[in-house]
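The values are calculated or read from the model by the stated rules, or taken from the named source; none is laboratory data. Note that the structure is predicted; figures quoted are calculated from it, not measured. A quick note on method: Cβ atoms are made from the backbone with ideal geometry, for glycine too, and the neighbour counts reach across all protein chains shown.
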Amino acid sequence: MMVNPADSTLSDALANATERALAEAEIRLPPDVLAALRRAAAAERNEIAQQEFANILENIALAEERQVPICQDTGVPVVYLTLPPDVPFSPLLFEGIREGVRRATVSIPLRPNVVDPLTRENTGDNTGVGMPAVHVTPGDRLTVTVLPKGAGSENTSRIGMLLPSQAAEIPRFIAETMLLAGGRPCPPVFLGVGIGGTFDTAAALAKEALLLPLDTMDDYERELCDAVNALGIGPMGLGGDTTALAVKVKRADCHTASLPVAVNVQCWACRRATVEVER
Amino acid sequence: MIDLATPLGDEVLSLRAGDRVTLSGTIYTARDEAHLRMIAEGIPFDPKGAAVYHCGPVVQGDRLVVAGPTTSARMNALTGFLIDAGVRALIGKGGMGREVVEQLRGRAVYLALTGGCAALAAARMNLKGVYFEDLGMAEAVWVIEADHLPLTVGIDSHGGDIFEAVREKAKTQFYQRFNIK
């Protein structure tokens, strides 16, 4: 392939931006996530849960102080790229992001988490076939958003192909997801919910919902959140008032015979960061 | 708050689910692969009074960067031999299955560390050595000197299981709220 020098500069700039976004996301939680955690910690009445919140807040401060990742499960990077009209959609974009992930794995450092799905052989650098997942949307500016996703919470995520007549069953499906999950996803959690679209869109929407501001909810989101918190699972499944810090919903229209509902479970450490590519 | 130190003895038998404790002394990390290797080849450390930590840390050179607990339930079916060999405490997150609750009875406890608190854990730990390094960073058995790890007794040696109690309550709430008979 012919490489235009301007293109390879762009690829390198993208690598730098990806590495910086990952460092930011792994070490420091965004303000909306911190606000949700602090509010829940202050409101918690259960004594064990209060101590769990105290540990979480101390951990966040220590990660910043020591400049180390918040959690040893540094996750797998999920990447959202916005592409302005003057930047061509090219394989070099993906190569730049992959290079950024490789660099971040050494420089932060990250735990190498990416393996072959069947042989379980570790690729060693957090990239692999189809990894990282990169979602591209048009935008005004060239930005990289990373959402490193840990397995504890990802593994308890669910998708349901509900019947069109079952819209009223959605709160039950969401609460049931956390009932099945218990303490495994490191609650208090954030829940990203995708409603509508197709089987695949619903899952993508659920994850994108975690990019929305997590310290506000509309009435429907609050209803879903209340249904989860009524379970009393609490931080780490040890009991308490807060099981879900927030529920965020993204919707798409769907087939008249379908109602896909996906829940992407996210531990309290909702790590994400956006960096504009300097070009 | 009760301060515990390894090697652990009968003092763990008086603990009750919900108690807050700290743990100091040598602990050993082990995840899925390490358990399988130990079952096949034997335990590389002295298991008497030992504490096994479900953790796959981030290690750089001889520095323990971060080291929070992993999901313990993955090791449900792989744990019995450790308790039989004299291990007195398991440390992890999320609790363990019914079979482990029975295996712990009269012998050992399960201690919960707050999930995701990997910087907090590492701030109270020093790396001392490693076994099975060929299993890779996350799956190797790391030897760690711990200093006052803040823990909650999740499962005691009398069958008390705080996770199970919370789960049962959650189930009742769920059935009531959604009118499930």
Using the structure shown, decide if B:GLU139 is surrounded by fewer than 24 Cβ atoms within 10 Å (Cβ to Cβ) and closer than 30 Å to A:PRO109 by Cα. yes
Answer yes if at least one residue in the stretch B:62-71 is under 23 Å from A:THR74 (Cα atoms) and among the polar types (S, T, N, Q), and no otherwise. yes
Quick one: count up the residues across the stretch A:39-56 that are assigned to a helix (DSSP H, G or I), surrounded by 14 or more Cβ atoms within 10 Å (Cβ to Cβ) and among the acidic types (Asp, Glu). 1
Out of the stretch B:4-19, which residues are in a loop (DSSP other than H, G, I, E, B), more than 14 Å from chain A (Cβ to nearest Cβ) and surrounded by fewer than 16 Cβ atoms within 10 Å (Cβ to Cβ)? B:PRO7, B:GLY9
Listed by first then second residue, the pairs whose first member lies in the stretch B:106-127 and is surrounded by fewer than 24 Cβ atoms within 10 Å (Cβ to Cβ), whose partner is of a type outside the set (Gly, Ala, Ser) and in a loop (DSSP other than H, G, I, E, B), with beta carbons under 6 Å and at least 6 positions apart or on separate chains, are B:LEU127/B:ASP62
Are any residues in the stretch A:243-268 among the β-branched types (Val, Ile, Thr) and either under 15 Å from A:PRO171 (Cα atoms) or in contact with a Gly (Cβ under 8 Å, 6 or more places away or on another chain) (or both), and if so, which ones? A:THR243, A:VAL247, A:VAL249, A:VAL261, A:VAL263, A:VAL265
Assess whether B:ALA108 counts as being within 14 Å of chain A (Cβ to nearest Cβ) and among the small types (Gly, Ala, Ser). no
Mind counting the residues in the stretch A:25-38 that are more than 21 Å from A:LEU110 (Cα to Cα) and surrounded by fewer than 18 Cβ atoms within 10 Å (Cβ to Cβ)? 5
Among A:PHE190, A:PHE199, the single one that is of a type in the set (Phe, Trp, Tyr) and more than 23 Å from A:ASN46 (Cα to Cα) is A:PHE199
Suppose we filter A:ILE60, A:ILE70 for residues that are over 17 Å from B:GLN60 (Cα atoms) and either β-branched (Val, Ile, Thr) or part of a strand (DSSP E or B) (or both); which single one remains? A:ILE60
Inside the stretch A:222-279, the number of residues satisfying the requirement of being within 12 Å of chain B (Cβ to nearest Cβ) and either within 13 Å of the chain's Cα centre (by Cα) or β-branched (Val, Ile, Thr) (or both) is 9
Every residue in the stretch B:113-170 that is on the phi > 0 side of the Ramachandran plot and either within 8 Å of chain A (Cβ to nearest Cβ) or of a type in the set (Val, Ile, Thr) (or both), please. B:GLY116, B:GLY136
I need every pair where a residue in the stretch A:131-150 that is among the β-branched types (Val, Ile, Thr) has its Cβ under 9 Å from the Cβ of a residue that is surrounded by fewer than 21 Cβ atoms within 10 Å (Cβ to Cβ) and assigned to a loop (DSSP other than H, G, I, E, B), sequence separation at least 6 or different chains. A:VAL136/A:PHE89; A:THR145/A:LEU211
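Residues checked against (1) over 13 Å from the mean Cα position of the chain (by Cα); (2) of a type in the set (A, V, I, L, M); (3) at positive phi; (4) modelled with pLDDT of 95 or more:
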residue	(1), (2), (3), (4)
B:PHE45	yes, no, no, yes
B:VAL52	no, yes, no, yes
B:THR71	no, no, no, no
B:GLY86	yes, no, yes, yes
B:GLY106	yes, no, yes, yes
Filtering the stretch B:20-42 for residues that are over 15 Å from the mean Cα position of the chain (by Cα), surrounded by fewer than 21 Cβ atoms within 10 Å (Cβ to Cβ) and either outside any loop (DSSP other than H, G, I, E, B) or within 14 Å of chain A (Cβ to nearest Cβ) (or both) leaves a count of 6
Filtering strands (runs of 3 or more DSSP E) wholly in the stretch A:86-171 for at least 3 residues that are surrounded by 19 or more Cβ atoms within 10 Å (Cβ to Cβ) and modelled with pLDDT under 95 gives none
Determine, yes or no, whether A:PRO69 is within 14 Å of another protein chain (Cβ to nearest Cβ) and of a type outside the set (Ser, Thr, Tyr). yes
